[in-house]
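*Asks:* Next up is a structure, given as structure tokens.
Nothing in this text is a laboratory measurement; each read-out follows from the coordinates by a stated rule. Here the structure is a predicted model, which means the values were calculated and not measured. Glycine gets a Cβ as well: all are built from the backbone with ideal geometry, and neighbour counts include every protein chain shown.
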Amino acid sequence: MPEPLAEATLDNEQRRLLAAIVDGPRGSFLADERSPDGWALPGPFGPMLLAPGVGDPLQALGAALRYAGRLDDATRELAIVATAAACGSRYELDHHLPLARAAGVPDSVLDAVVDGTEAELLGEIGDVGAAVVQACRELVATGRVEPGRVSTLEAGLGRAEAFELLVLAGYYRLLAAVIAAYGTG
């Protein structure tokens, strides 16, 4: 694994990014969570500090998607869980399964999404919910989403919300890759 970037070694630009992350909307959970492997921050946030010019816009995009987006909490968290499950990102699953439950996504749906058996729950999640999960899986597997599925998302969620959902899935796909590459989750 790459050498961790510990807090004591940060330069001024990296410290500014660290402060932006921990003083921002994620601060409540990051205050209690430390990286077990020597990084200044856990999960994808530690590696973001390596290149603040990229890490800062990346974390800002994530904050916008999580805290300022148009998707309702349940849809957003279902999409994150579906993407994390498709990527095998344990870190993101551990963080977002409780958030999805708190947003009202039933355990049976979450269990099925994590296991890849959500097709059996179509009646429980409906066409739009199924399209959310399938779009996230397609994006992870192929980098593409079936055009008909995008139409279903736009019809069920709205055009702006469908766009946001696809960006969200791409963002969490990227985070899963960073976490895997740096062994931070």
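*Asks:* Suppose each label sits 7 Å from its Cα in the direction of the beta carbon; what would the residue 154-residue 141 distance come out to in nanometres?
*Replies:* It is 2.3 nm.
*Asks:* Determine the relative contact order of region 24-87: mean sequence separation of Cα pairs under 8 Å and six or more apart, normalised by residue count, in whole percent.
*Replies:* Numbers: 25 pairs, mean separation 11.9, N = 64.
Value for region 24-87: 19 percent.
*Asks:* Taking the Cα atoms only, what angle lies between the long axis of helix 90-102 and the longest principal axis of the chain, rounded to 10 degrees?
*Replies:* That works out to roughly 60 degrees.
*Asks:* Assign one of three labels to region 7-67, namely rounded, prolate or oblate, based on the Cα gyration tensor with a ≥ b ≥ c the square roots of its eigenvalues; rounded applies when a/c is under 1.5, prolate when it is not and a/b is larger than b/c, and oblate otherwise.
*Replies:* oblate
*Asks:* Taking a ≥ b ≥ c as the square roots of the eigenvalues of the Cα gyration tensor of region 73-182, is the shape rounded (a/c under 1.5), prolate (a/b larger than b/c) or oblate?
*Replies:* Working: a/c = 1.57, a/b = 1.13, b/c = 1.38.
Since a/c reaches 1.5 but b/c is at least a/b, the shape of region 73-182 is classed as oblate.
*Asks:* How far, in nm, would the chain grow between residue 177 and residue 101 when pulled straight, counting 0.36 nm per residue and subtracting the alpha carbon separation? Write out the running numbers ahead of the final one.
*Replies:* Values: separation 76, 0.36 × 76 = 27.36 nm, distance 2.48 nm.
Taking 0.36 nm per residue and subtracting the Cα distance, the gain is 24.9 nm.
*Asks:* Another question, if that's okay. Which whole-Hz ³J(HN,Hα) couplings does region 51-67 yield from phi under the Karplus relation 6.51 cos²θ - 1.76 cosθ + 1.60, θ = phi - 60°, glycine and proline marked x?
*Replies:* Per-residue couplings from phi come out as 9, x, x, 9, x, 5, x, 5, 5, 5, 4, x, 5, 5, 5, 7, 10 Hz.
*Asks:* With θ set to phi - 60°, apply the Karplus curve 6.51 cos²θ - 1.76 cosθ + 1.60 along region 104-115 and write out the HN-Hα couplings as whole Hz, x wherever there is a Gly or Pro.
*Replies:* So the Karplus estimates, Gly and Pro as x, are x, 6, x, 4, 4, 5, 4, 4, 5, 5, 5, 7 Hz.
*Asks:* I would also like to ask the following. What are the residues whose amide H is under 5 Å from the amide H of residue 185, where those residues sit 5 or more places off or on another chain and H is modelled from the backbone?
*Replies:* Here nothing satisfies the definition.
*Asks:* In addition: Going by Cα centres, region 12-33 and region 163-180 are how many Å apart?
*Replies:* With region 12-33 and region 163-180 each reduced to a Cα centre, they are spaced 20 Å.
*Asks:* In nanometres, what is the gap between the two model label sites at residue 108 and residue 50, each 7 Å from Cα along Cα-to-Cβ?
*Replies:* 4.4 nm
*Asks:* Modelled label-to-label distance, residue 16 and residue 73, 7 Å Cα→beta-carbon offset: nm?
*Replies:* 3.4 nm
*Asks:* Would you please name the trypsin sites (Lys or Arg not before Pro) within region 85-185 that are DSSP coil residues with at most 14 other C-beta atoms within 10 Å of their C-beta?
*Replies:* On the way: sites: 90, 101, 137, 144, 149, 159, 173; in loops: 144.
Answer in residue order: 144.
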